[in-house]
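Here the structure is laid out as structure tokens; the discussion comes afterwards.
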Amino acid sequence: MTVCSAPGKVYLFGEHAVVYGEPAVPAAIERRATVSAEPRADDHVRVEATDLSLDGFTVEYTGGTGDRPDVDVPTPLVEAAMGYVDAAVRQARAAADRPDAGFDITIESEIPLGAGLGSSAAVVVAGIDAATRALGEPIDRRELADRAYRAEFEVQDGQASRADTFCSTMGGAVRVEGDDCEPIDAPNLPFVVGFDGGAGDTGELVAGVRALKEEYRFAADTVRSIGDVVREGERLLADAVPGADPQRELLEDLGELMDFNHGLLSALGVSARSLDTMVWAARDAGAHGAKLTGAGGGGCVVALDPTDETETALSFTQGCEDAFRAELATEGVRVEGA
Ligand code: PMV
């Protein structure tokens, strides 16, 4: 059996605009999905998920790619999670050139599903890594990131950038612009996350932004402005000391850009009352900046605050179900055991 884990992420800057070729800077956080894979004698895949922020479930299905798991918990989230596992298995079989490989897979995740923290990317990255290693055919991190992206692309009907999967594979902060992905140096940013308990529909939200952008030139300008915010943020990060606790002035400057980024996302219609409420609670508590992270519509906000104030304020904010500090995960995917 091989066990691998991969981190979730927050977007420091640039979600949605990244879909149209603008740069984005996601950063990996110490909330992980852990996947174990054990090859089977037949071509079946059995998946046991003990904690995907929903009730545990176990399904077994045969190796044919067209088969749907026979599961009597018809929640869309379970179906979505199964879609990602399925796609990860297909990528692992292709990478190892073992089209009939079967697996017993278990998934444990500390990352809420569909909430903008890259849960699906972490499951896919850790899953492909564990499954290929279990077959004795490990792949390098660039290929892993690429295969994980292709798995997400397939499940999300083409509405996926490389940001989540590359960041989860590499860890730390990364820069993504189209197909160009590179790790970047980052200081030890004091992220605080607020979670409203909900999830947004990424496909619908991306389609909404696309429609606005096609209808109004000012919406297209807004998308480009998000790119400008990201480029400004990259300049700030380039001057910071990697791995060190950042100076207050840097946090203030980054925070200002995060606030701006949230405003632009809000103009594009992807925020929500719960997200705005948490963003304002964080700012009122003294956070240097706060914004939604990921597709929006519901899910998580990320704030910068080295003190406990924001986390405490969020935990007392109506509509915030969970608030936690999220350390930058400097390590991406890793082997936890074999
Ligand atoms: O909510 P998440 O973590 O899946 O992030 C979606 C980010 C988008 O830019 C809206 C889409 C993408 O694939 O980049």
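A short reminder: the numbers here are calculations on the coordinates, not readings from a lab. Computed from a predicted structure; not experimentally measured. Cβ placement follows ideal geometry from the backbone for every residue including glycine, while neighbour counts extend to all protein chains displayed.
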Practice problem: Quick one: which residues, 5+ away or cross-chain, put their amide H under 5 Å from the amide H of G102? H built at 1.01 Å from N. | Solution: R40
Quiz item: If you find the alpha carbon centre of the range 300-321 and of the range 203-262, how far apart are they in angstrom?
Solution: 21
Self-check item: Degrees, to the nearest 10: 248-267 long Cα axis against longest axis of the chain
Solution: 70
Self-check item: Computed [θ] at 222 nm, helices only, for the chain once each DSSP H run of length n ≥ 4 contributes -39500 (n - 2.57)
Solution: -13000 deg cm²/dmol
Quiz item: Which of the chymotrypsin sites (Phe, Trp or Tyr not before Pro) found in the range 154-255 are in a DSSP loop and have at most 11 neighbouring Cβ atoms, other than their own, within 10 Å?
Solution: Y216
Quiz item: Which FRET efficiency value, to the nearest 0.05, is calculated for D284 and E252 with the Förster distance at 22 angstrom and r the Cβ-Cβ distance?
Solution: 0.85
Quiz item: Between D221 and E154, what length comes free when the chain is fully extended (0.36 nm per residue of separation minus the Cα-Cα distance, one decimal in nm)?
Solution: 21.2 nm
Quiz item: Normalised by the residues of the chain, what does the relative contact order come to in percent, with Cα pairs under 8 Å and at least six apart?
Solution: 25
Self-check item: the chain: C-alpha gyration tensor shape, a/c 1.5 cut-off, then a/b vs b/c
Solution: prolate
Quiz item: Taking a point 7 angstrom from the Cα of A238 along the C-beta vector, which residues in the range 14-31 have backbone N less than 17 Å away?
Solution: 23-26
Quiz prompt | Cβ-Cβ FRET estimate between R210 and D97, R0 fixed at 30 Å, reported to 0.05 | solution = 0.20
Practice problem: Work out the FRET efficiency for A267 and D322 from their Cβ-Cβ distance, taking R0 = 35 Å, and round it to the nearest 0.05. | Solution: 0.80
